Amino acid sequence: MNFKIENVFVETELEQDYKIIKELISNAILFFENEFIVDTDKIHIIISSDYVTDVKKIHFQPETLNGGDENGMFIPCFFQNEENKKSNMPMIIINWNRLDKVNGSPKYREIIVESIIVHELVHYYDFCFTYPTSLIQRYGNVFENYDKGNFSDIIGGIFQNCSEVRAKFYQEKYILTSGIIDFNLDYMSKYISSYLCKINLSNRSQTYYTLAHIRGLLLCWSNLANLEKYHHKKDELQRYIMGVNQDILHKEMTNQYQNMSEVFELDMFYEYCDGIGGNETSCSDDRKTT
């Protein structure tokens with residue numbers, strides 16, 4: 001079935017979940033628009049019960065899928081195949097079957113699904129607002145001019161991973177400000193441990209992706225720890241965050257990875273990219289944002 005939420009087109013085969021799906025998307029859009037002060041316009045969201053098949057129908061490099069183990073994917077028009085480009089509409093695909101298995105209360109699951117939609121909407125902002133209005137003017141159409149290992153590839157890879165930091169930052173902010181989870185040391189340590197075991201230094205692209213998510217978490221946690229409501233445990237929270245930051249920084253410096261939290265804002269991104277010499281290597285081996 002197809003329906004609209006203002007100017008957002010929604011597609012799903014899960015007719016029995018129509019009401020909850022509409023509510024989840026609406027909540028995510030409201031948070032996103034309040035954070036970014038924009039209107040969500042002309043985007044197609046698919047709540048998929050057959051994620052791998054749906055992505056392969058749309059993405060121009062379907063072989064880049066990780067076996068369908070993503071929570072979702074944002075696919076801008078220039079990452080779509082020729083047939084889907086005709087709609088001139090960016091797409092978000094949410095892996096409903098994977099998210100349907102999230103453990104916890106119904107409310108917890110709803111918050112997690114909404115946070116995933118927020119995550120993909122941040123990619124939508126970066127690729128559909130920032131990229132065409134700012135990045136192209138400065139560096140050209142780096143995704144259309146993609147050639148492995150060249151300047152456009154390097155800039156594009158940095159931009160993708162910068163977007164991953166931002167998407168994870170706002171996703172985590174959504175979860176923790178919902179009140180559904182207690183923000184404490186136990187929560188942070190378990191979360192970081194789950195990410196550290198994913199670091200595979202033999203796969204540079206995947207490692208950059210993982211480090212970008214860790215950086216997004218640390219930035220969000222550091223900001224939240226300064227709020228008045230956490231004043232009574234601010235010191236212990238910040239000590240833990242600083243310790244993880246030093247550990248991650250050591251991994252980045254030892255293995256020559258850019259600290260993506262240093263390019264979190266657009267002016268920081270420009271400063272870094274303007275100073276790129278000839279020794280940098282691509283930090284992304286594919287053309288996807290998840």
* **Charge dipole magnitude, Cβ of K and R +1, D and E -1 - region 178-240, Cα centre, debye nearest 20** => 240
* Which ³J(HN,Hα) values, rounded to whole Hz and listed in residue order, are derived for region 224-232 from phi using the Karplus coefficients 6.51, -1.76 and 1.60 in 6.51 cos²θ - 1.76 cosθ + 1.60 with θ = phi - 60°, glycine and proline given as x? -> 5, 4, 8, 5, 4, 5, 10, 4, 5
* Please sort by residue number the trypsin sites (Lys or Arg not before Pro) in region 73-135 whose DSSP state is loop and whose Cβ has at most 11 other Cβ atoms within 10 Å. => LYS86, LYS101
* To do: Keeping the other protein chains in place, figure out the carbon and sulfur percent of the accessible area of the chain, with a 1.4 Å probe.
  => 48
* Asked: Got a sec? Charge dipole of region 26-93, +1 on Cβ for Lys and Arg, -1 for Asp and Glu; which of ASN27, ASN84, VAL55 is way out at the positive end?
  -> ASN84
* Asked: Given N residues in region 71-170, what is Rg(Cα) / (2.2 N^0.38 Å)?
  -> 1.23
* Using amide H atoms built 1.01 Å from N in the peptide plane, name the residues 5+ places from ILE46, or on other chains, whose amide H lies under 5 Å from its own. => GLU11, ILE92, ILE93, ILE94
* Given Cα pairs under 8 Å that are at least 6 residues apart, what percent is the relative contact order of region 128-283? -> 30
* What are the ³J(HN,Hα) values, in whole Hz, obtained from phi via the Karplus relation 6.51 cos²θ - 1.76 cosθ + 1.60 with θ = phi - 60°, for each residue of region 74-83 in sequence order, with x given for Gly and Pro? -> 9, 10, x, 4, 6, 9, 9, 6, 4, 5
* Asked: Which cross-chain or sequence-distant (5 or more) residues have an amide H under 5 Å from the amide H of ILE5, H modelled 1.01 Å from N in plane?
  -> VAL10
* Value of [θ]222 nm, deg cm²/dmol, for the chain, DSSP H segments ≥ 4, -39500 (n - 2.57) each, nearest 500 -> -16500 deg cm²/dmol
* To do: Calculate, axis by axis, the spread of Cα positions in the chain along the three principal axes, and write the results as whole Å, longest axis first.
  => 49, 47, 35
* Residue by residue, what Karplus-based ³J(HN,Hα) values in Hz, rounded to whole numbers, does region 262-268 have, using 6.51, -1.76 and 1.60 with θ = phi - 60° and x for Gly and Pro? -> 7, 10, 5, 9, 4, 5, 5
* Asked: Using alpha-carbon pairs under 8 Å, 6+ residues apart, how would you state the relative contact order of the chain in percent?
  -> 18
* To do: Sort 20-32, 212-224 for me by packing, meaning the mean count of neighbouring Cβ atoms within 10 Å per residue, highest on top.
  => 212-224, 20-32
* Determine how large the accessible area of PHE269 is when every protein chain is in place; take a 1.4 Å probe and give Å² rounded to the nearest 10. => 0
* Structure fact -> The answer for GLN80, listing residues at least 5 apart or on another chain whose modeled amide H is closer than 5 Å to its amide H, is PHE60
* Using only the alpha carbons, work out the radius of gyration and Dmax of region 198-276 in angstrom. => 14.3, 43
* Taking the Cα centre of the chain as origin and charging only Cβ (+1 Lys, Arg; -1 Asp, Glu), how large is the dipole, in debye to the nearest 20? -> 460
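The values are calculated or read from the model by the stated rules, or taken from the named source; none is laboratory data. Just so we're clear, the structure is a prediction, and the values are computed from it rather than from any experiment. Every residue, glycine as well, gets a Cβ built from its backbone with ideal geometry; the counts of neighbours run over all protein chains shown. Quick note on the areas: whole protein, heavy atoms, side chains included, nothing else; ligands and nucleic acids left out. Shrake-Rupley method; radii C 1.70, N 1.55, O 1.52, S 1.80 Å.
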